[in-house]
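The values are calculated or read from the model by the stated rules, or taken from the named source; none is laboratory data. None of the values given here were measured: they were computed from a predicted structure. Reconstructed Cβ throughout: ideal geometry from the backbone, glycine too, with neighbour counts over all protein chains shown.
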Amino acid sequence: MVVNAQYIPLDNRYYDLLYEHYEAKNQSFLSAMKPLLIQEIDSAVNIQDVLYGKGTAKHRNSFFYRKLFTESLIRYNSGIVKISADPVFHFGLGRETDNGRTSWVNTRGITINGLLGNIFSFNTELYENQAVYASWTDSLIRALQVIPGQGTYKFFGEKGYDFAYSNGYLSCHPSKYFSVSLGYGKNFIGDGYRSMILSDVAFSYPYLKLTGNLKRIKYTVLYTQLVGRNAIQRPEFGYERKWATMHYLQVLLWKRLNVGLFDAVVWENADTSGYRGFDVQYLNPVVLLRPLEFSIGSPDNALMGMTFNLRVNSHFNLYGQMLLDEFKLSHIIKNDGWWGNKFGYQIGISGWNLADIPSLNARVEYNQARPYTYSHSVPIQSYSHFNQSLAHPLGANFRELIVITSFSRGNWLANIKMNFAMYGADTAGKDFGRNILIPYTQHVSELNNSIGQGLKTNLNTTDACFSYMLNRRTNLRIEAGIIVRNENNDQFSKQAVLFYGGIRTGLRNLYNDF
């Protein structure tokens, strides 16, 4: 069941299929604000065939074929009410060759989608998990005190973790030009693998999203509540809260080029003057947040950014982002490394159906952020949620190059992803600008700050994965692969080789490449 009022799941595979289709047709669309509504896709696109496959004429009407390979497990359609339900799971096993560590994942859950009267749509997902992770992920979990992208946990046995979480939304679509969504989940801004503005790396959060879409112009307002995981405000209230308002405007300037403008402000739920809550001054959906934050003498954390996507030809897209946290032009002109020049950017090129070979795709992407970007003088007001950056998972003070190549034929898919990163780690108890949860008032130097300062560390990861798709509706696939990871600096050298395999559904992005 596919209905126009539903969101396309925030999974890279689905969006790669969309990009591939649009490139083959030499068409453009406003794709940066994700997840996308199906109704935002051109009506000429058969979303059923693009995302879920056509099946085969011989078996298409077979009940068992449809349930195994093309349909949801449970479907109900009364005309006005349409509901589908599917199991979601991940049963995986891995083995590290260097230390003999065995890792495994046992995830079970359910996803339910529905449409009420062609105007209201809803989704709910529930995941129950137990897992023992690879050594580097385990170290990261203990440092962050959260499962990356999946929230809090309790220990399971000697090495494992037990955790559960749910996502969902209720969305209203009174017309094709406007929608309102109330949800608990993730959002993503950009056309790359990473985002320097808003990514889906961190854990889910509650949000209210307003979207206006005039085909060539799309405007999104996002109101969210976030969590500062480091501190507990009071036992009866749980972890300390903060709020964020974000605006994102996309414009299709001509058939090959679209640009976007972004601004955001983050503020704490309570400060030294007492309880603050949601600041109504940031409720206005059209005001520019940075001038407003400045005009009211606010101590809040304001950010601005821009995006672009240029369709070079029917095979290549050039895309990029610029994120401005804080800067002074005079210091940029002097090139004196002032600590307060906090910004990051992304530049990338994606290729689809290369050499006219269907489904041979590639991506080369470069990301970097200067020291102290996304941080704030008040740690709770950093651009973060549940101890992870809302943008790039490496935080700040890094450079990264990503190369991804994929090829699919029928139900077979091969994907190779290589990450080459350099970051400056904090050392000797000093803040060199990578950890965005530390107040930037602790910067080590007023001037001469540069990317890689501190303990210069190289992190290289290669992930080669081969899979066979069983059901495109839930991205159910059998997979096997190998991850080779090297992290080294002047103080340590860590190498890991992980062989892994399993069977899983894929309706979400989970990252382990940082």
Seminar exercise, completed: In the stretch 141-163, anything buried (at least 16 other Cβ atoms within 10 Å of the Cβ) and assigned to a strand (DSSP E or B) is listed as I147, G151, G160, Y161, F163
For this session: Would you point out the residue of the stretch 147-162, among those that are modelled with pLDDT of 95 or more and within 20 Å of the chain's Cα centre (by Cα), that is farthest from I436 (Cα to Cα)?
Result: Q150
For this session: Kindly provide the set of residues from the stretch 328-345 that are of a type in the set (A, V, I, L, M, F, W, C), more than 20 Å from I197 (Cβ to Cβ) and either in contact with a Cys (Cβ under 7 Å, 6 or more places away or on another chain) or not in a loop (DSSP other than H, G, I, E, B) (or both), ordered by number.
Result: L329, I332, I333
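Scanning for something more than 24 Å from D279 (Cβ to Cβ), buried (at least 19 other Cβ atoms within 10 Å of the Cβ) and not polar (S, T, N, Q), does the stretch 199-213 turn up at least one residue?
Residues of the stretch 199-213 more than 24 Å from D279 (Cβ to Cβ): 199-201, 213.
Still in the list and also buried (at least 19 other Cβ atoms within 10 Å of the Cβ): 199-201, 213.
Keeping just the survivors that are not polar (S, T, N, Q) gives 200-201.
The answer is yes; a qualifying residue exists.
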For this session: Might you let me know whether the stretch 346-357 holds any residue that is in a helix (DSSP H, G or I) and either buried (at least 16 other Cβ atoms within 10 Å of the Cβ) or in contact with a His (Cβ under 7 Å, 6 or more places away or on another chain) (or both)?
Result: yes
Exercise. What are the residues in the stretch 456-476 that are of a type outside the set (S, T, N, Q) and buried (at least 18 other Cβ atoms within 10 Å of the Cβ), if any?
Worked result: L459, D463, C465, M469, R472, R473, L476
Problem set entry | Inter-residue pairs, beta-carbon under 6 Å, first closer than 21 Å to G260 by Cβ and in the stretch 176-188, second of a type in the set (F, W, Y), 6+ apart | S181/Y169
Exercise. Among the residues of the stretch 96-106, which ones are in a strand (DSSP E or B) and in contact (Cβ under 8 Å) with a residue 60 or more places away in the chain?
Worked result: E96, S103, V105
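So, in the stretch 409-451, of the ones that are in a strand (DSSP E or B) and of a type in the set (F, W, Y), which residue ends up surrounded by the fewest Cβ atoms within 10 Å (Cβ to Cβ)?
At the first step, the residues of the stretch 409-451 found to be in a strand (DSSP E or B) are 409, 412-425, 427, 430-431, 443.
Now restrict to residues that are of a type in the set (F, W, Y): 412, 420, 423.
On the way: W412: 12, F420: 15, Y423: 28.
Within the stretch 409-451, the match that is surrounded by the fewest Cβ atoms within 10 Å (Cβ to Cβ) is W412.
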For this session: State whether one or more residues within the stretch 442-454 are under 30 Å from I482 (Cβ atoms), in contact with a Ser or Thr (Cβ under 7 Å, 6 or more places away or on another chain) and not acidic (D, E).
Result: no
Problem set entry | Filter result for K328 (basic (K, R) and closer than 29 Å to Y205 by Cβ) | no
Problem set entry | the stretch 85-117: number of residues that are within 28 Å of V484 (Cα to Cα) and out of contact with any strand residue (DSSP E or B) (no Cβ under 7 Å at 6 or more places or on another chain) | 3
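Among the residues of the stretch 109-120, is any touching a Cys at 6+ places or on another chain (Cβ under 9 Å) and under 30 Å from P206 (Cβ atoms)?
Here is the first cut: in the stretch 109-120, the ones touching a Cys at 6+ places or on another chain (Cβ under 9 Å) are 119-120.
This time we only want the ones that are under 30 Å from P206 (Cβ atoms), so: 119-120.
Yes: one or more hits.
Could we say that E326 is among the charged types (D, E, K, R), in contact with a Gly (Cβ under 9 Å, 6 or more places away or on another chain), at pLDDT 95 or above and surrounded by 14 or more Cβ atoms within 10 Å (Cβ to Cβ) here? Can you show your working first?
Details: among the charged types (D, E, K, R): yes; in contact with a Gly (Cβ under 9 Å, 6 or more places away or on another chain): yes; at pLDDT 95 or above: no; surrounded by 14 or more Cβ atoms within 10 Å (Cβ to Cβ): yes.
For E326, the condition - among the charged types (D, E, K, R), in contact with a Gly (Cβ under 9 Å, 6 or more places away or on another chain), at pLDDT 95 or above and surrounded by 14 or more Cβ atoms within 10 Å (Cβ to Cβ) - is not met.
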Exercise. Consider K58 against the criteria (1) under 28 Å from Y511 (Cβ atoms); (2) at pLDDT below 90; (3) of a type in the set (D, E, K, R); (4) surrounded by fewer than 20 Cβ atoms within 10 Å (Cβ to Cβ): it satisfies all of them except one. Which criterion is unmet?
Worked result: (1)
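Pick from Q27, Q39: which is of a type outside the set (K, R), at pLDDT below 80, surrounded by fewer than 16 Cβ atoms within 10 Å (Cβ to Cβ) and more than 22 Å from S199 (Cβ to Cβ)? So that I can check it myself, show each step before the final result.
Numbers: Q39 fails: surrounded by fewer than 16 Cβ atoms within 10 Å (Cβ to Cβ).
One residue alone meets the criteria, Q27.
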Seminar exercise, completed: Within the stretch 358-375, residues being in a loop (DSSP other than H, G, I, E, B), in contact with a Ser or Thr (Cβ under 9 Å, 6 or more places away or on another chain) and crowded, with 17+ Cβ neighbours inside 10 Å number 5
Exercise. Hey, does the stretch 180-200 have a residue that's assigned to a strand (DSSP E or B) and out of contact with any strand residue (DSSP E or B) (no Cβ under 6 Å at 6 or more places or on another chain)?
Worked result: no
